[in-house]
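*Asks:* Got a structure for you, questions after.
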Amino acid sequence: MNESRNRVIDLLYKYKNRQLKPYFMKTVKENNLEDVIVKETEFLPEDAKIRERLLYIEKDLNEILICKFCKTNRLKYCNNIFRCCCSSKECYKQNLSNTVKLIHEKMSEEKKRERSKKISNSSIGKKMSEEAIKKLSKRMKGKKQTLEIIKKRRESIKKYYANGGKHWSRGQTKETNASILKMSESLKRTFKENPEILINAGKKISIIMKAKIASGEFTPNITNSWTHWDCYVTLENNEKKKFRSSWEAIFWLLNKDLLYEKTRILYTSPEDNEEHTFIMDFTDNVDKILYEIKPLELMNKKINLVKIDAAKKWCDKNQYKFVLITEQWYKSNIDVIFSLDLSKHNVNIDWVNKL
Ligand SMILES: [Zn+2]
């Protein structure tokens, strides 16, 4: 082992022990270690990224890891681990079915019987507890409709037409119909428990709510506007910090001093000519910078141009700098992003590869 290889290993060790973060790749570059890393892993093809090479060094491997299914391709590397197979679809499927088989084999006969009993007991004719319903609805938030729901909706549409194009509840009120009464009670409860639902209804935001958003007393519900993932970062005290998108989560992971959704700027929307609040993604009160994260394609929308114009004016007035973060930022920080340890967070970064 030569001295430079030792330097690489030393750096890796420090990184693993959290003495160095998160600009690990920057440190590698500053110490001119990239060439050393490539040289130490010459057995890997040219397309192997520095992060993958580092894992080979870390695991003290001297030859390419081969997929056990096809026995030809290189093992897939992703997010700082080696996957169970290569990136071909066939091998992935094979690996999946193997895992299922293995789990089933490991289960004793008794356990299998118990399990199928449990499943049938739990689902037939039983009423769900309120807690179970709450859990389920939380899990379903932002997810696609199940087949069952789609079927139900189709049936209700059929009923609507069978009723001569009239809704089944036409003419009925909660005083005359028990189902309507039940529905209205449950809606009331829902709104009481989750006032943000009203916000999501979009155009019908009350003046009071608007004022609350502008003053920072209230922040609209966190839902991901660009992905279906429930995106969060686990903090050191195990608390979960939610983000509206994995773009924001990644940006924050690399800039942890920034304040999330702190600065609120008023603007007049061209859509309804009313005043709305633009919540800036990140605020740096030390260097006086506001950051807004937006994919470039969304910048063609008039509403976004208006919002950003308002933000720039606010910045001029308050002597702040306005910085727009687009896919370009992620592209130029791709190495740093891949060097992040995301195992404890729920942040999907598959999109980084597609940039
Ligand atoms: Zn394979």
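*Asks:* Quick one: count up the residues across the stretch 55-110 that are near the ligand (Cβ under 8 Å from one of its atoms), hydrophobic (A, V, I, L, M, F, W, C) and part of a helix (DSSP H, G or I).
*Replies:* 1
*Asks:* Criterion first (surrounded by 18 or more Cβ atoms within 10 Å (Cβ to Cβ), within 24 Å of the chain's Cα centre (by Cα) and either within 15 Å of T326 (Cα to Cα) or not assigned by TED's automatic domain parsing to the domain that holds T326 (or both)) does F282 satisfy it? Talk me through it step by step, then tell me what you get.
*Replies:* Values: surrounded by 18 or more Cβ atoms within 10 Å (Cβ to Cβ): yes; within 24 Å of the chain's Cα centre (by Cα): yes; either within 15 Å of T326 (Cα to Cα) or not assigned by TED's automatic domain parsing to the domain that holds T326 (or both): yes.
In short, yes.
*Asks:* If you check L298, L266, L340, which single one turns out to be assigned to a strand (DSSP E or B) and surrounded by 11 or more Cβ atoms within 10 Å (Cβ to Cβ)?
*Replies:* Details: L298 fails: assigned to a strand (DSSP E or B); L340 fails: assigned to a strand (DSSP E or B).
Result of the check over L298, L266, L340: L266.
*Asks:* Report yes if D309 is modelled with pLDDT of 90 or more, out of contact with any strand residue (DSSP E or B) (no Cβ under 7 Å at 6 or more places or on another chain) and among the acidic types (D, E), otherwise no.
*Replies:* Numbers: modelled with pLDDT of 90 or more: yes; out of contact with any strand residue (DSSP E or B) (no Cβ under 7 Å at 6 or more places or on another chain): yes; among the acidic types (D, E): yes.
Considered against the rule, which asks whether it is modelled with pLDDT of 90 or more, out of contact with any strand residue (DSSP E or B) (no Cβ under 7 Å at 6 or more places or on another chain) and among the acidic types (D, E), D309 comes out as yes.
*Asks:* So which of E42, E52, E114 ends up being more than 16 Å from the ligand (Cβ to nearest atom), in a helix (DSSP H, G or I) and farther than 26 Å from N348 by Cα? Spell out how you get there, then give the answer.
*Replies:* Working: E42 fails: in a helix (DSSP H, G or I); E52 fails: farther than 26 Å from N348 by Cα.
Answer to the selection: E114.
*Asks:* Could you tell me which residue of the stretch 142-153 is modelled with the lowest pLDDT, considering only residues that are surrounded by 10 or more Cβ atoms within 10 Å (Cβ to Cβ) and either within 22 Å of S245 (Cα to Cα) or not aliphatic (A, V, I, L, M) (or both)? Working first, answer last.
*Replies:* Narrowing the stretch 142-153 to residues surrounded by 10 or more Cβ atoms within 10 Å (Cβ to Cβ): 142, 145-146, 149-153.
The next check asks that each one be either within 22 Å of S245 (Cα to Cα) or not aliphatic (A, V, I, L, M) (or both); those that pass are 142, 145-146, 151-153.
On the way: G142: 60, Q145: 63, T146: 68, K151: 79, K152: 79, R153: 76.
Among them, the one singled out is G142.
The values are calculated or read from the model by the stated rules, or taken from the named source; none is laboratory data. Here the structure is a predicted model, which means the values were calculated and not measured. Virtual Cβ from ideal backbone geometry, glycine too; neighbours counted across all protein chains shown.
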